[in-house]
1. What number of residues within region 256-272 satisfy the criterion of being under 27 Å from residue 377 (Cα atoms) and in a helix (DSSP H, G or I)?
2. Only one residue in 154, 117 is touching a helix residue (DSSP H, G or I) at 6+ places or on another chain (Cβ under 8 Å), within 24 Å of residue 29 (Cα to Cα) and modelled with pLDDT of 90 or more. Which one?
3. Being assigned to a loop (DSSP other than H, G, I, E, B) and in contact with a helix residue (DSSP H, G or I) (Cβ under 8 Å, 6 or more places away or on another chain) is the filter here; which residues of region 218-245 pass it?
4. Looking at 319, 283, 324, 253 in this structure, which one is over 28 Å from residue 377 (Cα atoms), assigned to a helix (DSSP H, G or I) and touching a residue at least 12 places away in the same chain (Cβ under 8 Å)?
5. Conditions: (1) more than 22 Å from residue 287 (Cα to Cα); (2) in contact (Cβ under 8 Å) with a residue 12 or more places away in the chain. Residue 149 meets all but one. Number of the miss?
6. Among what's in region 192-216 and is touching a residue at least 12 places away in the same chain (Cβ under 8 Å) and over 20 Å from residue 226 (Cβ atoms), pick the residue that is surrounded by the fewest Cβ atoms within 10 Å (Cβ to Cβ).
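The values are calculated or read from the model by the stated rules, or taken from the named source; none is laboratory data. Keep in mind the model is a prediction, meaning the values are calculated, not measured. A quick note on method: Cβ atoms are made from the backbone with ideal geometry, for glycine too, and the neighbour counts reach across all protein chains shown.
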């Protein structure tokens, strides 16, 4: 109930960008162009790579309204948030997480300014939000996966929809399927390799068909995800300070919650594999690292909350982590309309901050997390002595 009230409050108070005067470099203009084409407002499409293949969300939005993009995307986002939250609660109960850990993770989901909810309230024209429930559904399906025909069918449909939402789902699919094959072989179960191969191939075909029928404005061999990765890696060579900033950007995505990874031995399961995949993809996916890392909330936060649940006092640990992270959430602030006030963008762009500014917050996260880690160790020691 608290989460629902918070969501409604932020929806009511948060101003939306004035898109007509918003900097043309914002992704929203690309998604709006897709929406207008699918809604029949325009007869030609002029969209840059990689946005040309992200068809799912603009298409769904065009079914809600054929003229008001903001209204249509707001509805898609709201429905996606509700579905995602329901899936997350189901997943977290499936993982037997402590109620206090679930409560802390839920509040962070709704209040963090770089989180799945607040990040897209000022900028609703986006393809990202449905990706949260698609990823959560993908995990739920694989978590109890036995390899039956209907299970593979649902998995393939989910993978193809995820690919049409965003091409990074191909990486998620490949990492997950390879992990599953390895797990089956390790446990001595037979593996029909045609299904794993078919799943990965169909996601690639889905992306290829989307790009073929909706080609980007600029075409050529440079318009590919592989070249995007190469460019991102080359940027780290040209700007070495980005290597120092990278872990700080990751820290900003989850605050002091990261300490949960140190509170237990991390199992090398699906959550671990997809968390590593998400972290790596966020490093090479462009200049919005913290946002990209947040899109893997369903796997990373689950892995983190496992550690909180495994701590000696889960209720206390969850409360302390949440309280320590609140200063990073900026729950008391609203992002301004960056269309009308573009000069304020710097304050709301983690990747735009200087090393000193980001380093100050990173130091706070590390020191606070270390104190909580030592406190948990002390409680463990006291418990062992009393036994």
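1. Of all residues in region 256-272, those under 27 Å from residue 377 (Cα atoms) come to 256-269, 271-272.
Cutting the leftovers down to in a helix (DSSP H, G or I) gives us 256-262, 271-272.
Residues that pass the stated criteria total 9.
2. Working: 154 fails: within 24 Å of residue 29 (Cα to Cα).
Every option except 117 fails the conditions.
3. Within region 218-245, the subset assigned to a loop (DSSP other than H, G, I, E, B) is 218-224, 239-240.
Hit for region 218-245 is 221, nothing else.
4. Numbers: 319 fails: over 28 Å from residue 377 (Cα atoms); 324 fails: over 28 Å from residue 377 (Cα atoms); 253 fails: over 28 Å from residue 377 (Cα atoms).
Just a single option satisfies the conditions, and that option is 283.
5. (2)
6. So in region 192-216, the residues touching a residue at least 12 places away in the same chain (Cβ under 8 Å) come out as 192-193, 195-196, 198-200, 202-204, 206-207, 210-211, 214-216.
Now drop any that are not over 20 Å from residue 226 (Cβ atoms), which leaves 192-193, 195-196, 198-199.
On the way: 192: 12, 193: 9, 195: 20, 196: 21, 198: 14, 199: 20.
By that ranking, first place goes to 193.
A quick yes/no check of all residues on (1) assigned to a helix (DSSP H, G or I); (2) under 22 Å from residue 116 (Cβ atoms); (3) modelled with pLDDT of 95 or more; (4) over 20 Å from the mean Cα position of the chain (by Cα):
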residue: 34; (1), (2), (3), (4): yes, yes, yes, yes
residue: 41; (1), (2), (3), (4): no, no, no, yes
residue: 46; (1), (2), (3), (4): no, no, no, yes
residue: 66; (1), (2), (3), (4): no, no, no, yes
residue: 88; (1), (2), (3), (4): yes, yes, yes, no
residue: 91; (1), (2), (3), (4): yes, yes, yes, no
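This table checks each residue for (1) in contact with a strand residue (DSSP E or B) (Cβ under 8 Å, 6 or more places away or on another chain); (2) at pLDDT below 90; (3) part of a helix (DSSP H, G or I).
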residue: 337; (1), (2), (3): no, no, no
residue: 340; (1), (2), (3): no, no, no
residue: 356; (1), (2), (3): no, yes, yes
residue: 362; (1), (2), (3): no, no, yes
residue: 366; (1), (2), (3): no, no, yes
residue: 369; (1), (2), (3): no, no, yes
residue: 372; (1), (2), (3): no, no, yes
residue: 376; (1), (2), (3): no, yes, yes
residue: 379; (1), (2), (3): no, yes, yes
